[in-house]
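Peer 1: Once you've had a glance at the structure underneath, I'll fire off some questions.
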Amino acid sequence: MILDDFFIRALIVGIGIAIIAGPFGCFVVWKRLSYFGETLSHSSLLGVALGYVFSINISITVFAVSSIVAILLFLLNERTELTSDSLLGLLSHSSLSIGLLVVGYLSYIRFDMMGLLFGDILAVTKLDILIVWVCGGLFIFILYIIWQSLLAGTVNRDIASSENMSPRRSELIYMILLSGIIAISIKIIGILLITGLLIIPAAMARNISNSPIQMILISIIVGVTSVVSGLFASLTFNTASGPSILVIALILFIISLTPLKRLISGANN
Amino acid sequence: MAKEHNKIILELKDAGVYRSNRWLVRNITLSVSKGEILTIIGPNGSGKSTTAKIALGILKPDAGSVILHTNKIAYVPQNLAIDWTLPLRVIDFMRLTNKTTFQEITEVLDMTGVASLINKNLRNLSGGEFQRVLLARAIATKPELLILDEPVQGVDFTGEIALYNLINQVSSELNCGTILISHDLHFVMSATDNVICLNGHICCSGTPKTIVQSKEFIDLFGASAAQTLSPYEHDHDHSH
């Protein structure tokens with residue numbers, strides 16, 4: 001079987017995003033930020049709208065808006081007694097409302113909501129590949145630099161800050177990088193798929209892993225496997241590519257809950 | 001004990017923290033030198049942990065000042081709730097803030113009696129085992145200032161004595177300043193250099209011998225505590 005060019009491009013971009021999503025998704029799960037993806041997806045409507053207003057690349061405006069939301073979350077977390085989930089709810093719905101107001105004002109634009117939600121991985125360009133791999137490589141490199149303080153802060157913020165790890169700074173950097181990931185992947189795989197790819201492989205990996213590094217590696221493997229087999233499935237059965245990828249990830253998650261788990265993880269614990 | 005090294009490592013001057021319309025602690029003045037063990041005792045809610053957090057820089061004082069002469073601090077918090085979405089083995093936890101070698105890790109885990117747990121997941125440890133790992137981690141960072149917030153809670157009786165002895169040993173071997181928050185008045189009286197009795201402010205302070213005779217101590221802990229404690233001397237000549 002000869003693969004069409006667009007399919008190879010989709011594979012390369014998808015694998016790239018799955019690799020980035022692995023480590024960042026693990027921190028989403030560890031830091032209980034699953035709702036953060038949802039918040040960013042709601043705020044991305046505002047980002048997309050602003051992209052149209054100022055006629056600039058929507059990745060840039062989505063990144064700007066998402067980063068602002070991330071910084072607001074960070075500041076509110078410091079200044080109020082509210083927990084992250086309530087704050088995320090607050091930011092999520094208010095940014096969605098502002099986005100809808102802006103969109104209502106721009107009545108001359110037709111929004112492709114399905115595109116925003118699911119993207120179009122089969123329409124990726126060579127530039128998209130370049131952006132995903134270069135930005136992704138940079139993001140992972142920065143994550144590698146802040147790794148120890150971010151992990152220490154995730155385990156216990158008090159220990160981390162009293163032992164010179166500046167956990168708050170790395171947390172802020174991490175959240176801005178996460179906004180960056182959403183921004184580069186929104187056009188390609190859509191907001192639903194990126195949040196799914198952040199959470200589902202990490203959740204699956206948690207079931208069978210014994211250390212942070214192991215969980216990250218397993219979630220990368222799961223993510224890449226889901227992308228590759230999801231894309232092939234969509235080619236074979238003519239299904240929508242994005243949802244196919246997530247369904248494969250879900251199937252892997254379900255398998256990890258079964259007794260098979262003992263075979264994979266061996267004699268751990 | 002290495003009292004000749006009198007270099008002060010931490011000073012609090014009139015420090016206070018004001019939250020929700022009240023002073024959690026106020027007018028805390030204390031200092032810790034190298035090789036010194038300073039114990040903070042006091043009833044629940046008297047601000048012991050708050051004082052520790054001021055010293056650690058976790059809480060910024062709303063009044064007064066904190067002067068730290070080191071950045072090598074290790075901390076054993078009172079409550080450590082780890083989120084179990086994060087799989088963490090003892091060995092990963094030991095390397096949380098420092099790049100400790102495998103050999104150093106096994107050595108300190110051996111000192112706290114939990115070397116066999118090195119590859120276990122933290123989740124599967126008992127409360128006492130976890131406490132020993134926490135203490136081992138703090139020691140492994142080779143701190144100049146060690147802050148221990150009830151480090152032996154949940155540890156069995158014999159283990160408790162052994163760990164207190166260990167704290168004593170570590171404090172003189174590393175020549176580090178130690179702040180210990182403890183409920184164990186016996187240890188306090190036998191092995192610490194100075195005691196601070198806290199109840200929102202410093203009620204009394206001094207060496208263990210002088211403090212048991214002070215009126216404030218007797219008011220806070222009762223005459224019977226003072227009586228049972230004063231003659232107590234702990235035996236340090238054996239190990240467990």
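Just so you know, all these numbers are worked out from the coordinates, no wet-lab data involved. Computed from a predicted structure; not experimentally measured. Methodologically, a virtual Cβ is constructed for each residue, glycine included, from the backbone with ideal geometry; neighbour enumeration extends over all protein chains shown.
Peer 1: Show the residues, 5+ positions off or on another chain, whose built amide H is closer than 5 Å to the amide H of B:Ala63.
Peer 2: The list, which skips near neighbours in sequence, is B:Gly16.
Peer 1: Then there is this: Could you name the aspartates and glutamates in cross-link range of B:Lys13, using Cα to Cα under 13 Å and dropping any fewer than eight places away on the same chain?
Peer 2: Within reach: B:Asp62.
Peer 1: Could you grab the relative contact order for chain B? Cα pairs under 8 Å, six or more apart, rounded to a whole percent. Before the final figure, lay out the partial values.
Peer 2: Working: 459 pairs, mean separation 60.7, N = 240.
The normalised contact order for chain B reaches 25 percent.
Peer 1: Another question, if that's okay. How much length is gained on full extension from A:Ser55 to A:Leu138, taking 0.36 nm per residue of separation minus their Cα-Cα distance? Don't skip to the end; give the middle numbers.
Peer 2: Values: separation 83, 0.36 × 83 = 29.88 nm, distance 2.64 nm.
Between A:Ser55 and A:Leu138, full extension yields an extra 27.2 nm.
Peer 1: Across the protein assembly as shown, what fraction of all alpha-carbon pairs, as a whole percent, falls in each successive 20 Å bin from zero upward?
Peer 2: So the P(r) values, bin by bin, are 21, 44, 27, 9, 0.
Peer 1: Taking amide hydrogens as modeled 1.01 Å from N in the peptide plane, which residues meet the under 5 Å criterion relative to B:Leu24, leaving out close sequence neighbours?
Peer 2: Distant-sequence amide H within range of B:Leu24: B:Val17, B:Tyr18, B:Arg19.
Peer 1: For segment A:125-269, what are the per-bin percents of Cα-Cα distances with bins 5 Å wide, up to the bin holding the maximum?
Peer 2: In whole percents, the pair-distance histogram is 2, 9, 14, 18, 19, 16, 12, 7, 3, 1, 0, 0.
Peer 1: Taking +1 at the Cβ of each Lys and Arg and -1 at the Cβ of each Asp and Glu, which of B:Gly35, B:Gly47, B:Leu10 sits farthest along the dipole of segment B:2-68 towards its positive end, judged by Cα position relative to the Cα centre?
Peer 2: Positive-most Cα among the choices belongs to B:Gly47.
Peer 1: If you take the charge dipole of the protein assembly as shown about its Cα centre, with +1 on Lys and Arg Cβ and -1 on Asp and Glu Cβ, which of B:Ile218, B:Gly128, B:Gly57 is farthest toward its positive end?
Peer 2: Positive-end residue among those listed: B:Gly57.
Peer 1: Given C-alpha coordinates of chain B, what is the ratio Rg to Rh with the Kirkwood estimate of Rh?
Peer 2: Working: Rg = 17.7 Å, Rh = 18.4 Å.
Rg divided by Rh gives 0.96.
Peer 1: Okay, moving on. Would you kindly derive the ³J(HN,Hα) couplings of segment B:197-208 from the backbone phi angles with the Karplus curve 6.51 cos²θ - 1.76 cosθ + 1.60 (θ = phi - 60°), listing them in order in whole Hz, with x for Gly and Pro?
Peer 2: Rounded to whole hertz, the list is 9, 10, 8, x, 9, 7, 6, 7, 8, x, 6, x.
Peer 1: Which value in nm describes the separation of the simple spin-label points at B:His201 and A:Ile71, placed 7 Å from the Cα toward the beta carbon?
Peer 2: A separation of 4.3 nm, rounded to one decimal place.
Peer 1: Let me ask something else. Sort B:134-145, A:202-213 by packing, meaning the average of other beta carbons within 10 Å per residue, with the highest value first.
Peer 2: Values: B:134-145: 23.0, A:202-213: 21.3.
Per-residue mean Cβ counts within 10 Å order the peptides as B:134-145, A:202-213.
Peer 1: Please state, as a whole number in µm²/s, the translational diffusion coefficient that the Stokes-Einstein equation yields for segment B:73-112 at 4 °C and 1.567 mPa s, with Rh defined as the Kirkwood radius across alpha carbon pairs. It would help to have the intermediate numbers written out before the result.
Peer 2: Values: Rh = 11.6 Å.
This corresponds to a translational diffusion coefficient of 111 µm²/s.
Peer 1: Taking every alpha carbon pair in chain A, what does the distance histogram look like in 5 angstrom bins from 0, in percent?
Peer 2: Over chain A, the share of Cα pairs per 5 Å bin runs 1, 6, 12, 17, 18, 16, 14, 9, 4, 2, 1, 0, 0 percent.
Peer 1: Using a 10 Å cut-off on Cβ atoms, rank the peptides A:51-59, B:175-183, B:117-125 from the highest mean neighbour count down. Before the final figure, lay out each step's value.
Peer 2: Working: A:51-59: 14.3, B:175-183: 23.1, B:117-125: 16.6.
Most protected by this proxy first, the peptides run B:175-183, B:117-125, A:51-59.
Peer 1: Then there is this: Counting Lys and Arg as +1 and Asp and Glu as -1, what is the net charge of the other residues whose Cβ lies under 14 Å from the Cβ of A:Leu117?
Peer 2: Details: positive: A:Lys187; negative: A:Glu38, A:Asp112, A:Asp120.
Cβ neighbours under 14 Å give a net charge of -2.
Peer 1: In terms of the Cα gyration tensor, with a ≥ b ≥ c the square roots of its eigenvalues, is segment B:155-215 rounded because a/c is under 1.5, prolate because a/b exceeds b/c, or oblate? Intermediate values should be presented prior to the final figure.
Peer 2: On the way: a/c = 2.05, a/b = 1.56, b/c = 1.32.
The shape class here is prolate.
Peer 1: With each pseudo-label sitting 7 Å past Cα toward Cβ, what's the B:Lys13-B:Thr101 distance in nm, one decimal?
Peer 2: Distance between label points: 4.2 nm.
Peer 1: Counting only other chains, what is the mean number of Cβ atoms within 10 angstrom of the Cβ of each residue in peptide A:163-172?
Peer 2: Numbers: counts 13, 6, 3, 0, 1, 0, 0, 0, 0, 0.
For peptide A:163-172, the averaged partner shielding equals 2.
Peer 1: Please list the non-local residues whose amide H lies under 5 Å from the amide H of B:Ile9, H modeled 1.01 Å from N, same-chain partners needing a gap of 5 or more.
Peer 2: B:Val32, B:Ser33, B:Lys34
Peer 1: Please report, in whole Å, how far the alpha carbons of segment A:31-129 spread along each principal axis, starting with the longest.
Peer 2: Extents along the principal axes: 43, 33, 20 Å.
Peer 1: Now, a different point. Say R0 is 30 Å: what FRET efficiency, to the nearest 0.05, do A:Thr83 and B:Asn44 get from their beta-carbon distance?
Peer 2: On the way: r = 25 Å, r/R0 = 0.84.
About 0.75, to the nearest 0.05.
Peer 1: Take the alpha carbon gyration tensor of segment B:1-113, find the square roots of its eigenvalues, order them as a ≥ b ≥ c, and report rounded if a/c is under 1.5; if not, report prolate when a/b exceeds b/c, else oblate.
Peer 2: Values: a/c = 2.30, a/b = 1.39, b/c = 1.65.
In terms of gyration-tensor shape, oblate.
Peer 1: Report ³J(HN,Hα) in whole Hz for each residue of segment B:42-49, in order, from the Karplus equation J = 6.51 cos²θ - 1.76 cosθ + 1.60 where θ = phi - 60°; Gly and Pro get x.
Peer 2: x, x, 4, x, 8, x, 5, 5
Peer 1: What FRET efficiency would be calculated for the residue pair A:Ile8, B:Ala115, taking the C-beta separation as r and a Förster radius of 51 Å, to the nearest 0.05? Kindly include the intermediate steps, with their values, before the conclusion.
Peer 2: Values: r = 52 Å, r/R0 = 1.02.
Calculated transfer efficiency: 0.45.
Peer 1: Just in segment A:38-126: which GluC sites (Glu not before Pro) are loop by DSSP and have at most 16 other Cβ atoms within 10 Å? Provide the component values of the computation, followed by the final result.
Peer 2: Working: sites: A:Glu38, A:Glu78, A:Glu81; in loops: A:Glu81.
Sparse-neighbourhood loop GluC sites (Glu not before Pro): A:Glu81.
Peer 1: Out of the DSSP beta bridges found with both residues in chain B, what percent are antiparallel (nearest 5)?
Peer 2: On the way: 18 of 35 bridges.
Of the beta bridges lying entirely in chain B, close to 50 percent run antiparallel.
Peer 1: Sorting A:Leu106, A:Leu122 on the 10 Å Cβ count, fewest up front, what's the list? Spell out each step's value before the answer.
Peer 2: Working: A:Leu106 14, A:Leu122 17.
So the residues, fewest neighbours to most, are A:Leu106, A:Leu122.
Peer 1: Going Cα to Cα from B:Lys99, which lysines come in below 22 Å? Please leave out same-chain ones fewer than 8 positions away.
Peer 2: Of all the lysines, those that pass the test against B:Lys99 - Cα under 22 Å, at least 8 places apart if same chain - are B:Lys72, B:Lys120, B:Lys142.
Peer 1: Of A:Ser219, A:Leu72, A:Pro243, which is farthest on the positive side of the dipole of the protein assembly as shown, counting Cα position, with +1 on Lys and Arg Cβ, -1 on Asp and Glu Cβ, and the Cα centre as origin?
Peer 2: The residue sitting most towards the positive pole is A:Pro243.
Peer 1: Return a whole-number percent for the relative contact order of chain A, with Cα pairs under 8 Å and 6 or more residues apart as the contact set. Kindly include the intermediate steps, with their values, before the conclusion.
Peer 2: On the way: 358 pairs, mean separation 76.9, N = 269.
Over chain A, the number comes to 29 percent.
Peer 1: Can you tell me the dipole magnitude for the protein assembly as shown around its Cα centre, using point charges on the Cβ only (Lys, Arg +1; Asp, Glu -1), in Debye to the nearest 20?
Peer 2: Details: 34 positive and 36 negative charges, 196 e Å.
The calculated dipole for the protein assembly as shown is roughly 940 debye.
Peer 1: If you place +1 on the Cβ of every Lys and Arg and -1 on the Cβ of every Asp and Glu, how big does the dipole about the Cα centre of chain B come out, in debye to the nearest 20?
Peer 2: Numbers: 21 positive and 24 negative charges, 177 e Å.
Here the size comes out at about 860 debye.
Peer 1: Can you run phi through the Karplus equation (6.51, -1.76, 1.60; θ = phi - 60°) for segment A:152-167 and list ³J(HN,Hα) in whole Hz, with x for Gly and Pro?
Peer 2: Those phi angles translate into 4, x, 5, 6, 7, 5, 5, 4, 4, 6, 6, 9, 6, 9, 5, x Hz.
Peer 1: Relative contact order (percent) for segment A:15-70, with alpha-carbon contacts under 8 angstrom and 6 or more residues of separation? List each step's numbers first, then the result.
Peer 2: Numbers: 31 pairs, mean separation 15.5, N = 56.
That works out to 28 percent.
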